[in-house]
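The structure under discussion appears below in the form of structure tokens.
The values are calculated or read from the model by the stated rules, or taken from the named source; none is laboratory data. Just so it is clear, the structure is predicted and the values come from calculations on it, not from any experiment. A quick note on method: Cβ atoms are made from the backbone with ideal geometry, for glycine too, and the neighbour counts reach across all protein chains shown. Remember, those area values only see protein heavy atoms, side chains included, never the ligands or the DNA or RNA. Shrake-Rupley method; radii C 1.70, N 1.55, O 1.52, S 1.80 Å.
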Amino acid sequence: MTQSETRRTPGTPCWVSLMVHGLAETQEFYGALFGWEFRPGPNQLGPYVRALLDGKEVAGIGQLPPDRHLPIAWTTYLATDDADATAETIRHCGGTVGVGPLDAGDAGRMAIASDPVGAVFGIWQAGAHVGSAVAGAPGTPAWNELVTRETSTVGKFYQALFGYDVEAVVSADFDYVTLHLESRPVASLHGVGNALPRDKGAHWMTYFEVADVDEASVRVADLGGHVLQQPHEGASGRLATVADPEGAVFTLVRSNG
């Protein structure tokens, strides 16, 4: 387990957040799955809690207004030093800013945006809250990946936004790009072609570390969630794609490291 309480390099995934209809029920699901505890967070967009592991913040969950029927999905937030300037760059490069920028109390300043292929992501300018405060332990975000039809066009958007160095897998049948900042891999883009789910479109996927992917997959189903892709071996370790009871999709991973 490592603690991460310093300000992140712009472009680094720094936080994940989920907006749901049943806040109490969702806390019960993730509390039982990951051992999270919860405490209230900023409520500018409605009721909101921060998930904790051993007292350290790892993720956020908020409640949607009853009349808002939005897709239920985990949102990856990318760090920025200036949310307003980044929002302008998003617009200039063909993306859309749907919410904000706005202040989240003294925690920081944020916006919700979508890239040119429609994948939703957040930007976070840290104030008192720098983002996930712990990594490398079961129940913490382990990786963030954009799942899209093809990577070349949208990759240029993210490069223009944060100046990533890109490392592509050279393969005729595998469209995969790793985004690097300061010579360190921070996220990836995965082009899946026609395998992209029509009902979801392009989207950011959050990977959560677990001690045992097979056991955690069984627990997801027992808690009312769904196993969408059974546990299997991948390049980064053992994986399973699952959904919570409201349909938010995420990946369980036990890394090779």
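A Förster distance of 41 Å, applied to the separation of the beta-carbon atoms of residue 235 and residue 67, puts the FRET efficiency at 0.45.
Springs between Cα atoms under 10 Å define the GNM used for the chain, and in it the highest mean-square fluctuation of 53, 189, 102 occurs at 102. If you take the alpha carbon atoms of the range 38-160 and fit the smallest convex hull around them, that volume is 123 Å³ per residue. In the range 1-138, Cα pairs under 8 Å separated by at least six residues give a relative contact order of 31 percent. What is the distance in Å between the Cα centroid of the range 203-219 and that of the range 151-202? The range 203-219 and the range 151-202 have Cα centres spaced 22 Å from each other.
Taking every protein chain into account, the 1.4 Å probe leaves residue 151 with about 10 Å² of accessible area, to the nearest ten. Magnitude of the charge dipole for the chain, about its Cα centre and with charges confined to Cβ atoms of Lys, Arg (+1) and Asp, Glu (-1), is about 260 debye. GNM on the chain, alpha-carbon springs under 10 angstrom: the most fluctuating residue among 58, 210, 227 is 227. For residue 175, the residues whose amide H sits under 5 Å from its own are 191, ignoring neighbours fewer than 5 places away on the same chain, with H placed 1.01 Å from N.
Largest GNM mean-square fluctuation among 168, 87, 243, using the chain with Cα springs under 10 Å: 168. For residue 124, nonlocal amide neighbours, meaning residues 5 or more places apart or on other chains whose placed amide H falls under 5 Å from its own, are 78, 79, 80.
Could you rank 14, 93 by how accessible they are, 1.4 Å probe, largest area first? The partial results should precede the final answer.
Working: 14 5, 93 45 Å².
Ranked list, largest accessible area first: 93, 14.
Heavy-atom accessible area per residue, the chain, 1.4 Å probe: how many Å²?
Details: 11840 Å² over 257 residues.
Result: 46 Å² of accessible area for each residue.
Rounded to whole numbers, the Karplus 3J(HN,Hα) couplings from phi for the range 105-121 are x, 8, 5, x, 10, 9, 8, 10, 9, 10, 7, x, 9, x, 6, 8, 8 Hz, using 6.51 cos²θ - 1.76 cosθ + 1.60 with θ = phi - 60°, and x at Gly and Pro.
Computed on the range 105-200, the Cα convex hull volume stands at 147 Å³ per residue.
Give me the net charge for the shell around residue 159: Cβ to Cβ below 14 angstrom, other residues only, Lys and Arg +1, Asp and Glu -1. Show your work: numbers first, answer last.
Details: positive: 156; negative: 115, 165, 167.
Charge balance in the 14 Å sphere: -2.
Among the protein heavy atoms of the chain, carbon and sulfur supply 51% of the accessible surface, probe 1.4 Å, non-protein parts ignored.
With a ≥ b ≥ c the root eigenvalues of the C-alpha gyration tensor of the range 1-96, is it rounded (a/c under 1.5), prolate (a/b larger than b/c) or oblate? Oblate, since a/c reaches 1.5 and b/c is not below a/b. Amide H contacts of residue 41: 48, 49, 50, each under 5 Å away and 5 or more positions distant or on a separate chain (H built 1.01 Å from N in the peptide plane; Pro and chain starts excluded).
Looking at 76, 47, 130, which one has the Cα that reaches farthest to the positive end of the dipole of the range 1-142 (charges on Cβ: Lys, Arg +1; Asp, Glu -1)? Result: 76. Extending 7 Å from Cα along the Cβ direction at residue 221 and again at residue 198 yields two label points whose distance is 2.7 nm.
If exposed means no more than 12 neighbouring beta carbons inside 10 Å and the site is in a DSSP loop, what's the longest run of the chain without any exposed GluC sites (Glu not before Pro)? By the stated rule (loop sites, at most 12 other Cβ atoms within 10 Å), 6-181. Relative contact order of the chain: 19 percent, from C-alpha pairs under 8 Å at least 6 residues apart in sequence.
Counting every Cα pair in the chain, what percent are over 23 Å apart?
Working: 16011 of 32896 pairs.
Tail of the P(r) past 23 Å holds 49 percent of the pairs.
Karplus-derived 3J(HN,Hα) values for the range 60-75, using 6.51 cos²θ - 1.76 cosθ + 1.60 with θ = phi - 60°, are x, 9, x, 9, 6, x, x, 8, 9, 9, 9, x, 8, 7, 5, 10 Hz; glycine and proline are entered as x.
Summarising the label geometry, the points placed 7 Å from Cα in the beta-carbon direction at residue 81 and residue 159 lie 2.2 nm from one another.
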